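Scroll down for the structure; my scribbles are underneath it.
The values are calculated or read from the model by the stated rules, or taken from the named source; none is laboratory data. Treat the numbers as computed from the prediction; the structure is a model and nothing was measured. Heads up, the Cβs are rebuilt from the backbone with ideal geometry, glycines too, and the neighbour counts pull from every protein chain shown.
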Amino acid sequence: MIEVNKLINLFKKPAKKRKINKIDDTRIPSHIAIIMDGNGRWAKARQLPRTFGHKAGVEALRDVIKTASNIGVKYLTLYAFSTENWSRPQDEVSALMQLLVDYLKKEVGELHSNNVRINTIGDIEGLPRIAKIEVKNAKALTKSNSGLCVNIALNYGGRDEIIRGIKKLYKDVEDGLSIENLQVEEFAGYLDTTNIPDPDLLIRTSGEYRFSNFLLWQSAYTELWFTETYWPDFRGEDLIGAIVDYQNRTRRFGGI
């Protein structure tokens with residue numbers, strides 16, 4: 001039997017501090033996307049059930065959102081639940097949905113008071129009823145906020161998004177829209193990220209090096225940043241470190 005105090009210490013254990021260069025406040029990326037990976041392996045390394053890793057990941061989420069808001073990031077897109085995640089064991093899926101409900105109930109008031117707006121991408125109609133209700137309530141409460149937009153990817157897949165976009169476009173074509181000279185920017189308006197700029201920086205935790213069906217269209221020229229750190233140990237200072245590295249790069253967008 002695991003002692004309660006031991007569990008509490010595991011969740012509250014701070015990330016290892018490291019020295020980082022000073023961030024350039026004038027060059028903060030407008031849109032940062034994060035694949036929050038490694039919760040299960042974090043738990044396994046501590047001989048805990050996978051669900052404990054997901055719960056521990058909430059602390060990372062809280063710190064990263066606070067940091068992003070404080071430094072002036074405009075959009076933070078978080079890969080929370082993919083279209084492929086439904087294939088996981090039912091008890092884990094149920095735990096993830098309940099964690100989403102609990103997080104929104106507990107955190108939305110503070111997020112709202114800090115001018116944070118909650119948005120979603122993905123097909124939220126496919127979520128369980130209680131999760132769908134909490135998501136819609138959070139979006140409604142914060143819709144007029146003008147600070148950081150926390151864009152949660154729920155029941156989301158990049159390929160699914162593109163297919164849904166094509167279906168929307170097809171309906172407009174049936175109504176008489178000509179696509180003879182369809183531009184990239186026009187088609188982007190049929191995607192879930194309408195009115196949201198493409199991510200400048202995409203972060204993936206846990207040492208994996210793939211997109212995992214996340215923002216496939218939008219990441220054509222996004223800068224990528226990978227870390228071995230599991231998501232539950234990721235903190236605001238790690239986000240700052242990723243941004244500093246991003247600021248040391250030159251973005252050419254196919255040019256010279």
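For first residues located in the range 200-216 and without any contact (Cβ under 8 Å) to a residue 24 or more places away in the chain, partners that are surrounded by 16 or more Cβ atoms within 10 Å (Cβ to Cβ) and lie 6+ apart or on another chain with Cβ distances below 9 Å form the pairs Y209/F226; R210/I35; R210/R204. The residue of the range 236-250 that is farthest from I203 (Cα to Cα), among those that are surrounded by fewer than 21 Cβ atoms within 10 Å (Cβ to Cβ) and out of contact with any strand residue (DSSP E or B) (no Cβ under 7 Å at 6 or more places or on another chain), is T250.
Here T229 passes the criteria (1) assigned to a loop (DSSP other than H, G, I, E, B); (2) closer than 23 Å to I121 by Cβ; (3) in contact (Cβ under 8 Å) with a residue 60 or more places away in the chain; (4) not charged (D, E, K, R) except the one numbered (2). Candidates V135, V150, V73: the one that is touching a helix residue (DSSP H, G or I) at 6+ places or on another chain (Cβ under 9 Å), assigned to a strand (DSSP E or B), farther than 17 Å from P232 by Cβ and at pLDDT 95 or above is V150. If only residues of the range 103-124 that are in contact (Cβ under 8 Å) with a residue 24 or more places away in the chain and charged (D, E, K, R) are counted, the one that is surrounded by the most Cβ atoms within 10 Å (Cβ to Cβ) is R117.
For the range 109-132, the tally of residues that are in a helix (DSSP H, G or I), within 16 Å of the chain's Cα centre (by Cα) and over 18 Å from R164 (Cβ atoms) stands at 1. Restricting attention to the range 172-199, the residues that are assigned to a loop (DSSP other than H, G, I, E, B) and either among the aromatic types (F, W, Y) or touching a helix residue (DSSP H, G or I) at 6+ places or on another chain (Cβ under 7 Å) (or both) total 4. Checking each residue in the range 213-225 for being surrounded by fewer than 16 Cβ atoms within 10 Å (Cβ to Cβ) and either among the acidic types (D, E) or under 21 Å from E84 (Cβ atoms) (or both) picks out L216, L224. Scanning the range 141-188 for residues that are more than 27 Å from E84 (Cβ to Cβ) and touching a strand residue (DSSP E or B) at 6+ places or on another chain (Cβ under 9 Å) yields L141, T142, K143, S144, N145, S146, G147, L148. Being touching a residue at least 24 places away in the same chain (Cβ under 8 Å), in a loop (DSSP other than H, G, I, E, B) and hydrophobic (A, V, I, L, M, F, W, C) is a property that does not hold for I240. Restrict the check to the range 109-116 and report whether at least one residue is modelled with pLDDT of 95 or more, among the small types (G, A, S) and out of contact with any strand residue (DSSP E or B) (no Cβ under 8 Å at 6 or more places or on another chain). Checked the range 109-116: at least one residue is modelled with pLDDT of 95 or more, among the small types (G, A, S) and out of contact with any strand residue (DSSP E or B) (no Cβ under 8 Å at 6 or more places or on another chain). Among the candidates D123, D200, D160, the residue that is modelled with pLDDT of 95 or more, touching a Pro at 6+ places or on another chain (Cβ under 8 Å), of a type in the set (D, E) and closer than 30 Å to G53 by Cα is uniquely D200.
Pairing each residue of the range 90-102 that is within 14 Å of I133 (Cα to Cα) with any residue that is modelled with pLDDT of 95 or more and exposed (fewer than 15 other Cβ atoms within 10 Å of the Cβ), provided the two are 6+ apart or on different chains, yields C-beta distances under 6 Å for M97/P128; V101/I130. Residue-level check: of (1) in a helix (DSSP H, G or I); (2) at pLDDT below 95; (3) loosely packed, with under 12 Cβ neighbours inside 10 Å, L10 misses just (3).
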